[in-house]
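The values are calculated or read from the model by the stated rules, or taken from the named source; none is laboratory data. Bear in mind that the values here come from a model prediction, so they are computed numbers and not experimental data. For neighbour counting, all protein chains shown are included, and Cβ atoms are generated from backbone atoms with ideal geometry for every residue, glycine included.
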Amino acid sequence: GLIYYSISRERLKSDLKLQRLEAEKMHEIDLMKSRFFANISHEFRTPLTLILGPLDRFLSRTPEENEDRSVYQMMQRNAQRLLHLINQLLDLSKLEADSMRLETKPAAIVPFLRSVALSFTSLAERRQIQYHFQHPTGNPVVYFDADKLEKIMVNLLSNAFKFTPEGGQITVKARFDTAQALSAPESIRKNKQASQANVLELMVQDSGVGLTDEQLARVFDRFYQADSSQTRAQEGSGIGLSLVRELVELHGGEVSVQSHPHKGSCFTVRLPLLMADLEETVMVGPALENGRQSMISFEDTSDEMDKSAASVAEETDKPLVLIVEDNADIRKFVHESLKDVYQVIEAADGLAGYNLARETIPDLILSDVMMPAMDGVELCSKLKTDEKTAHVPVILLTAKASGGDKIAGLETGADDYMTKPFEAAELRVRIKNLIASRKKLREHFSREITLQPRSITITSVDEQFLQRVMQIMEAHMADTGFGVEALGLEVGMSRMQLFRKLKALTNHAPGDFIRLMRLKRAAELLAHGAGNIAEVAFQIGFQDPSYFTKCFQKQFGQTPSEYMTSTLS
């Protein structure tokens, strides 16, 4: 028994030692990861600073009317966004390494909160969101860290604006009182330092999409995104709310959330903050109200869509390209890259893109994969199975470079795939090649057009469409009044849709196509001796035999009588 006890004891000691060594090793790896994270983030900041510096100089020298100014502004806005993201990553690594400290100074809290809240006003106006800020009546002067409090507010407000649709409502309520008066959580009231402080309570309430119970449980987790689907309406990294929680905990405070799906969310932050004494209050004065440095431009870049997109002229020689992309800056970049060679129309999400594609029948569609309302893969699948748009080449754009994503896109019928970031020159070459390959298909069809379109090697949906057009033509061959309008009604397309569809497939406008079908049938009837020239003309819908002779000669290089002689002899 004694021997067994000794062995067990030694084994336990050995296990504990092993566990301690493993814990130390894991801690060391965590520290290494944190250091690497911090170092790489710092490395990103240097080239970004070198991009932003010259851009600021360009912008200060570029007059308002210069067309390049908007491009510089777009570059500046996105470089600032990247810098903001990197700064957040750095903040997280500092918090993880326990090296971030509160740097509090006495200042009037209400003007500061108001200035942060008001920086979102123009965004609210553009999005037609009812935006309210309620603040305490007095003007208390308290010790707070302006940089960290701004980050807390900005991330909560950015989150609210991201998930609140147009016409929604966002309310910010700020209260400052004793912990007892605000019914602050036990953790704040028991905290020795906090017990001497008053509590700032910030509530950000929105009428947005809301969260499920599962999402609520994870909403503050680092890199967690409530919506990670292909159709998510907002870009994001899953850092903002995680940073909010860690910064609030650094203050010894608490953050909580209440939410219901489709009804909205309410985030509540409570921070214990020390009041400044009378002497410090006099010294502070109106400081900090105007000294706040905004971390990021809250410019809403959703440009007005071209309202005349549907009225694309039939006569223009420039091919029509539809861009379907929810990021306004990328839409603008692609538009600028293509506008010299192509007509360009735009849609901001998959559903709008699908409707616009069916309405205008473009020559090529360029679509992002991750978009609101309908993702790019579903959009491509619907376009390729829709009679109106099955022939239109589709290029999918994606930020994911994995082979699996590419295969998923190509399986839905996508004609090409490009990974972001992409070069404008490469995009232009890909578009040019796809449109050129479709042109060869049209020329082949135009040469080989027969009354049996099954011989044409085009997509099955297009083949079915052409068969249907042929059958309709067969049924109305002798009807002299059967023209473009009537054919459009039969196939369920507008005049413009029919024009673009037939032109894309056959290189013939609808009027020319109808005439060609009639003349092909006339040639067949004449070759089989099915009647004299006047009778054949009447059978295919020509009332005037002389006009029929003129059209026939133009098409086949022979008069109907010469054609009859050569085929019947």
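Here are some notes:
- Checked against (1) modelled with pLDDT under 80; (2) outside any helix (DSSP H, G or I); (3) among the charged types (D, E, K, R), residue 387 meets all criteria but (1).
- So residue 192, is it basic (Lys, Arg) and at pLDDT 80 or above: no
- All conditions in (1) surrounded by 19 or more Cβ atoms within 10 Å (Cβ to Cβ); (2) in contact with a helix residue (DSSP H, G or I) (Cβ under 7 Å, 6 or more places away or on another chain); (3) at pLDDT below 90 hold for residue 170, with the sole exception of (3).
- Flag for residue 401 being of a type outside the set (Lys, Arg), assigned to a helix (DSSP H, G or I) and modelled with pLDDT under 85: no
- Against the conditions (1) surrounded by 17 or more Cβ atoms within 10 Å (Cβ to Cβ); (2) under 30 Å from residue 274 (Cβ atoms); (3) touching a residue at least 40 places away in the same chain (Cβ under 8 Å), residue 147 satisfies every one except (1).
- Single residue of the range 80-133 satisfying the filter (out of contact with any strand residue (DSSP E or B) (no Cβ under 6 Å at 6 or more places or on another chain) and among the aromatic types (Phe, Trp, Tyr)) that is nearest to residue 249 (Cα to Cα): 112
- Flag if residue 139 is polar (S, T, N, Q) and under 30 Å from residue 209 (Cβ atoms): no
- Listed by position, the strands (runs of 3 or more DSSP E) inside the range 303-369 whose residues that are at pLDDT below 90 and at negative phi number at least 1 are 364-368.
- Within the range 460-490, the set of residues being more than 18 Å from residue 520 (Cα to Cα) and under 37 Å from the mean Cα position of the chain (by Cα) comprises 460, 461, 462, 463, 464, 465, 488, 489, 490.
- Number of the condition not met by residue 429 [criteria: (1) modelled with pLDDT of 85 or more; (2) over 27 Å from residue 496 (Cβ atoms); (3) in contact with a Ser or Thr (Cβ under 6 Å, 6 or more places away or on another chain)]: (3)
- Those helices (runs of 4 or more DSSP H) of the range 466-569 in which 2 or more residues are in contact (Cβ under 8 Å) with a residue 12 or more places away in the chain and more than 22 Å from residue 391 (Cβ to Cβ) occupy 510-527, 533-539, 545-556, 560-568.
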